[in-house]
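The values are calculated or read from the model by the stated rules, or taken from the named source; none is laboratory data. If you're wondering where the values come from, they're calculated on a predicted model, not measured in any experiment. Reconstructed Cβ throughout: ideal geometry from the backbone, glycine too, with neighbour counts over all protein chains shown.
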Amino acid sequence: MENQSYEDFISTVSHELRTPLTSIRGFSQTMLSSWDKLDDESKKRFLKIIEEQSNRLISLVENMLSVTKLQSSKETFVYKETDIKPIIQTVVAIVKNQYKDKNFEIKIHDKTPTITVDRDKFQQVMVNVIENAAKYSSPDMTVRVCADCCGDFVSIKIADVGAGISDEDKLKIFNKFSRIDSPLTRKVQGSGLGLYITKNIVEKMKGEISVNSEKIEGGEFLTTFEVKFPVSNIENQVREACKP
Ligand SMILES: Nc1ncnc2c1ncn2[C@@H]1O[C@H](COP(=O)(O)OP(=O)(O)OP(=O)(O)O)[C@@H](O)[C@H]1O
Ligand SMILES: [Mg+2]
């Protein structure tokens, strides 16, 4: 990493860590100093904030470790022929449990071929994108995950309806610590590292990720992230092996 970008990284990280830590310290100090004056309802509310902010710190630290590992090229990928269906089903179940106000729909074509990926990392990619769709869509909306074979690729599309992503922001969201400045993004927590990590992992596994966001009826946007991985088959593998 260049010096300048390293300094930027440290300064952003310190800021990101400081915000939840300040809030954890503030609420615990208030509880300790005013314990007898606080009613049960307030105590519960304060503890909830402390819990949320601790979760935010944990996910931030996990994401930062992922970034550091990816950049150090020490990260190992264990490639296996993989059926995407059970992984997508598991991920949707996990995200559903976290975002109970959203609906989820999975459509995986029966004949979808296998792909050769690191299974844990593929799961991490799916968690990031499906979680974003749940997190940034409008209330009560449905997150749709569909997968199909498309030429030599398996294409997985994750679609949601919400505030959408402008053309200008489409270029930025895959950068480190990049979050769209909007009332919704300010309301929901995130470090802005998810898509940076996702794109990095996808490309290391010879895949591609792209996004499309278009206006639909009612003024909302249909946002679709597409993740593509090469189909694993003997022919492909031989072709790869014979490349000069
Ligand atoms: N489905 C989506 N609809 C609208 N905006 C989105 C969507 N997915 C991502 N974004 C925008 O892209 C930004 C970057 O996403 P990214 O996943 O990298 O970070 P994050 O969700 O803010 O934090 P985290 O690191 O916890 O994932 C988000 O902050 C949000 O503004
Ligand atoms: Mg995210």
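With respect to the conditions (1) at pLDDT below 95; (2) exposed (fewer than 10 other Cβ atoms within 10 Å of the Cβ); (3) not small (G, A, S), Y6 falls short on a single one, namely (2).
The residue list A163, A159, A134 contains one member that is of a type in the set (G, A, S) and under 14 Å from V227 (Cα atoms), which is A159. Only one of the listed residues (S59, S72, S42) is within 18 Å of L21 (Cα to Cα), surrounded by fewer than 18 Cβ atoms within 10 Å (Cβ to Cβ) and either small (G, A, S) or touching a residue at least 60 places away in the same chain (Cβ under 8 Å) (or both). That residue is S59.
Here M141 meets each of (1) out of contact with any Gly (no Cβ under 8 Å at 6 or more places or on another chain); (2) touching a residue at least 24 places away in the same chain (Cβ under 8 Å) with one exception, condition (1).
Listed by position, the helices (runs of 4 or more DSSP H) contained in the range 153-222 that have at least 1 residues being within 12 Å of ligand 2 (Cβ to nearest atom) and either under 15 Å from the mean Cα position of the chain (by Cα) or basic (K, R) (or both) are 183-187, 194-204. Considering the range 1-108, the qualifying helices (runs of 4 or more DSSP H), each wholly inside and each with 1 or more residues that are farther than 29 Å from E226 by Cβ, run over 3-33, 40-72.
Residues that are touching a strand residue (DSSP E or B) at 6+ places or on another chain (Cβ under 6 Å), more than 9 Å from ligand 1 (Cβ to nearest atom) and of a type outside the set (G, A, S) do occur in the range 217-224, at least one of them. All conditions in (1) under 13 Å from the mean Cα position of the chain (by Cα); (2) surrounded by fewer than 17 Cβ atoms within 10 Å (Cβ to Cβ) hold for Y79, with the sole exception of (1).
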